[in-house]
Each structure stands twice: as structure tokens, then as C-alpha cells.
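Scroll down for the structure; my scribbles are underneath it.
The values are calculated or read from the model by the stated rules, or taken from the named source; none is laboratory data. Quantities reported herein were computed from a predicted structural model and do not represent experimental measurements. Neighbour counts are summed over all protein chains in view; Cβ atoms, including those assigned to glycine, are modelled from backbone coordinates with ideal geometry.
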Amino acid sequence: MNSTTPRVSMDRDGKVSASGKRAPLGTVTRRRFYVSDAFAEYFPAHEFSYYRDFFGLPGETLKQERRTHVVLVRRTVMDEADKHACLFVVKCHRYPILPRLRTGFRISKAENEFKSLLYLRSAGVPAVEPVAFGVERTAAGLVRSCFIVTRYLEAAVNLADWQWHHAGLYADRATRRAVHLRRLGAIFQRLHRARFFLFTAKTKNILLSPIADVDPEMHLIDTPYARTLHWLPLARWAQGRDLGYCLGSFYPAVTAEDLKSFYEGYLPDALGDSDEQLQRRVLHAICVQQNITPLARSVNTVKDYLRRRRRARRLRFAQR
């Protein structure tokens with residue numbers, strides 16, 4: 001596991017503390033960030049002395065939303081012989097006032113993702129390398145913004161894109177899909193045995209690398225809500241959510257043969273249920289993910305209605 005070093009902690013007046021302690025409560029904001037020792041040369045202190053230096057970095061925009069900005073950044077290091085370049089993904093989150101109210105007693109999404117990626121790698125589960133994270137809190141302790149930096153995995157494609165654009169290029173695509181499902185089952189079995197759950201286990205958050213291999217390595221990304229749950233009823237609910245999210249996001253939809261391949265890697269149940277009980281719970285979770293159950297369809301209809309209302313409201317505001 002890469003060690004992490006607190007570089008600076010800033011208060012409102014720009015005073016810097018190398019101790020990593022929080023700024024006084026009387027200040028308007030409290031900012032702190034951590035940079036992994038293994039990548040400190042790519043983010044040197046003379047360029048990244050302050051929290052705000054990680055925002056607005058030049059690079060290729062991968063995702064742009066009202067509250068989230070993801071950019072691909074190239075950083076170069078010079079040594080005596082040559083210069084070395086490395087790509088990083090910088091993901092910045094901003095919290096409006098209402099969502100901010102829920103963050104008072106939680107660590108930020110960026111810090112939770114950074115720590116969960118470290119945990120996954122220490123547990124032997126392939127995941128992207130966490131590089132740095134930072135968080136800005138108000139005087140009341142509410143998260144105003146945060147960021148996380150991870151290393152970009154080159155020559156990789158997420159599992160969702162592989163199914164849409166790459167699977168058809170191979171004559172043995174059914175065999176490759178079965179291999180991916182067995183590998184996924186083994187990964188989830190290891191995580192759930194340790195009572196660790198991802199909560200964002202969709203196919204778009206699973207990278208395959210190198211893509212040309214019959215059995216490429218899988219790397220997990222985007223784990224801002226991952227956590228450990230020890231209470232068994234809650235763990236079983238989280239287990240169903242993880243497996244339902246993952247298997248329910250496959251395209252084409254998983255078949256009985258696909259589920260058989262997945263369970264070859266996952267069974268026996270990590271939480272002690274019988275195979276039949278687990279399969280019933282997972283099948284229901286898949287139906288919920290695909291909005292097949294009446295309750296799921298109703299909830300999704302309400303969500304779509306609220307999204308349309310918000311979009312229309314923003315459009316009217318922009319036209320004024």
C-alpha cells in the first residue's frame with residue numbers, strides 16, 4: 001500500500017501548517033489534501049502548495065456536470081537521463097447548499113474513494129492507483145468541495161464499452177463473456193467475504209486491460225460509497241445491491257448461462273446463505289436494477305419526472 005503524506009493544511013488567511021491538523025473552527029473554510037509519496041514528484045510542492053491548485057488543471061475533459069468535473073491530465077517529470085510522462089484522472093466535486101447539509105458527519109466522497117481504493121489494492125483486488133485527494137469544509141464542518149486524483153490506466157476499456165463496441169469483434173465473444181463473469185464472481189466473493197461492498201458496481205466502473213487478451217485483468221474504479229458493513233441483515237442487502245447493479249447493467253441482459261458462469265466464481269455464498277436463497281435475492285435485485293418490478297418502475301417514473309422538472313427550471317432560469 002502506498003503511504004500518504006499530509007502536505008499542507010490551510011486556513012482562510014492562507015497560513016500553512018505542515019502538521020496536517022485541521023484549521024481553527026473560527027475560519028470560513030478548512031482545506032486539506034494528501035498526496036501519495038509514490039507520485040509526489042508529479043505534483044511537486046512548489047506547484048501544488050495549496051488546495052485550489054488541483055482545480056482547473058489543463059487537460060482533456062472526460063465529464064462535465066453541474067457538480068462534477070473530470071479531466072485527464074498529463075504530468076511530466078525530468079530526471080538526469082530523460083523525462084517521463086504519466087496520465088492522471090482528476091475528479092472534482094462541488095456541493096451546493098442543500099446537498100452540503102448531508103455531509104456534516106461523513107468523510108467526503110473523494111476521501112472515501114481514496115481509502116477504499118487503497119483497501120482494494122491491499123486486499124489483492126486490482127483497482128486503479130489512488131494518487132491524491134483533498135477536501136474543503138465550511139466552519140460548520142460541511143463539505144464544500146473535494147477532489148481525488150487517480151492514475152489513468154492506459155490501453156483499457158470499461159466493461160460496458162467492451163460489450164457495446166468490442167465484443168462483436170471476436171469470434172469467441174461468448175467464451176470471453178463467460179470468463180469476465182467468472183472473474184467478476186471471484187472478485188465479489190473476496191470482497192463480500194470481508195463484508196466490503198462497493199455500491200457502484202456497474203459495468204462502466206470495471207476496466208479491462210489489456211483489451212486484446214482472452215482473460216484481461218479487471219480493475220475497479222469509481223468507489224466513492226464503498227464501505228464495510230458487519231451487521232448481517234444490512235450486509236445481505238448490500239450484497240444484493242452490489243450483484244444486482246453489476247449483473248443488471250450487462251448488455252445484452254444476462255442469461256441463465258451467464259449467471260451460471262458468474263456463480264462458478266462466486267459460490268458458495270460469502271454471507272452463509274444457501275445457493276438457492278442467494279440466487280433468488282440476486283435475481284430480484286437484477287429486476288429492480290432493470291426496472292422490471294412494479295415498485296422499481298414507479299420509483300423510476302417519479303425520478304424521471306423530477307429530473308425533467310429540474311431541467312426545465314434551469315432552462316427557464318438560463319433564458320432570463
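A few points about this structure:
- Qualifying residue in the stretch 250-259 (condition: touching a helix residue (DSSP H, G or I) at 6+ places or on another chain (Cβ under 6 Å) and closer than 15 Å to Phe196 by Cα): no
- Residue list for the stretch 222-251, filter: among the β-branched types (Val, Ile, Thr) and surrounded by fewer than 19 Cβ atoms within 10 Å (Cβ to Cβ): Thr228
- Flag: Ala256 matches the condition of being of a type in the set (A, V, I, L, M) and either in contact with a Pro (Cβ under 6 Å, 6 or more places away or on another chain) or free of Cβ contacts under 8 Å to residues at least 60 places away in the same chain (or both).
- Whether a residue is touching an Asp or Glu at 6+ places or on another chain (Cβ under 7 Å), among the charged types (D, E, K, R) and at pLDDT 90 or above was assessed, and Arg190 does not pass this test.
- One residue alone among Val131, Val71 is within 19 Å of Asn205 (Cβ to Cβ) and either in a helix (DSSP H, G or I) or without any contact (Cβ under 8 Å) to a residue 60 or more places away in the chain (or both), and that residue is Val71.
- In the stretch 230-245, the qualifying residues are those that are within 26 Å of Lys91 (Cα to Cα) and in contact with a strand residue (DSSP E or B) (Cβ under 8 Å, 6 or more places away or on another chain), and the one that is modelled with the lowest pLDDT is Arg241.
- Out of Arg241, Arg311, sole residue that is among the basic types (Lys, Arg) and in contact (Cβ under 8 Å) with a residue 12 or more places away in the chain: Arg241
- Subset of the stretch 252-264 (residues that are surrounded by fewer than 18 Cβ atoms within 10 Å (Cβ to Cβ) and under 19 Å from Leu191 (Cα atoms)): Glu264
- Annotation: Asp269 fulfils all but one of (1) part of a helix (DSSP H, G or I); (2) under 26 Å from Leu191 (Cβ atoms); the unmet one is (1).
- Residue in the stretch 5-15 that is of a type in the set (Val, Ile, Thr), in contact with a strand residue (DSSP E or B) (Cβ under 9 Å, 6 or more places away or on another chain), modelled with pLDDT of 90 or more and in a strand (DSSP E or B) present: no
- Taken across the stretch 103-122, residues that are at pLDDT 90 or above, touching a strand residue (DSSP E or B) at 6+ places or on another chain (Cβ under 9 Å), within 30 Å of Leu267 (Cβ to Cβ) and in a loop (DSSP other than H, G, I, E, B) do not occur at all.
- All positions within the stretch 177-236 that are under 15 Å from the mean Cα position of the chain (by Cα) and assigned to a loop (DSSP other than H, G, I, E, B): Leu198, Phe199, Thr200, Ala201, Lys202, Ile221, Asp222, Thr223, Pro224, Tyr225, Ala226
- Tally of residues being more than 19 Å from Arg30 (Cα to Cα) and surrounded by fewer than 22 Cβ atoms within 10 Å (Cβ to Cβ) across the stretch 129-144: 1
- A single member of Leu153, Leu101 is surrounded by 13 or more Cβ atoms within 10 Å (Cβ to Cβ) and not basic (Lys, Arg), and it is Leu153.
- The single residue among Val70, Val77 that is at pLDDT 90 or above, β-branched (Val, Ile, Thr) and surrounded by 12 or more Cβ atoms within 10 Å (Cβ to Cβ) turns out to be Val70.
- Checking Gly185 against (1) closer than 25 Å to Phe114 by Cβ; (2) of a type outside the set (S, T, N, Q); (3) modelled with pLDDT of 90 or more, the condition it does not meet: (1)
- Residue count for the stretch 272-297, restricted to those that are modelled with pLDDT of 90 or more, within 19 Å of Thr255 (Cα to Cα) and not in a helix (DSSP H, G or I): 0
- Boolean, Val89 is at pLDDT 95 or above and either in the same structural domain as Phe199 (by TED's automatic domain parsing) or crowded, with 19+ Cβ neighbours inside 10 Å (or both): yes
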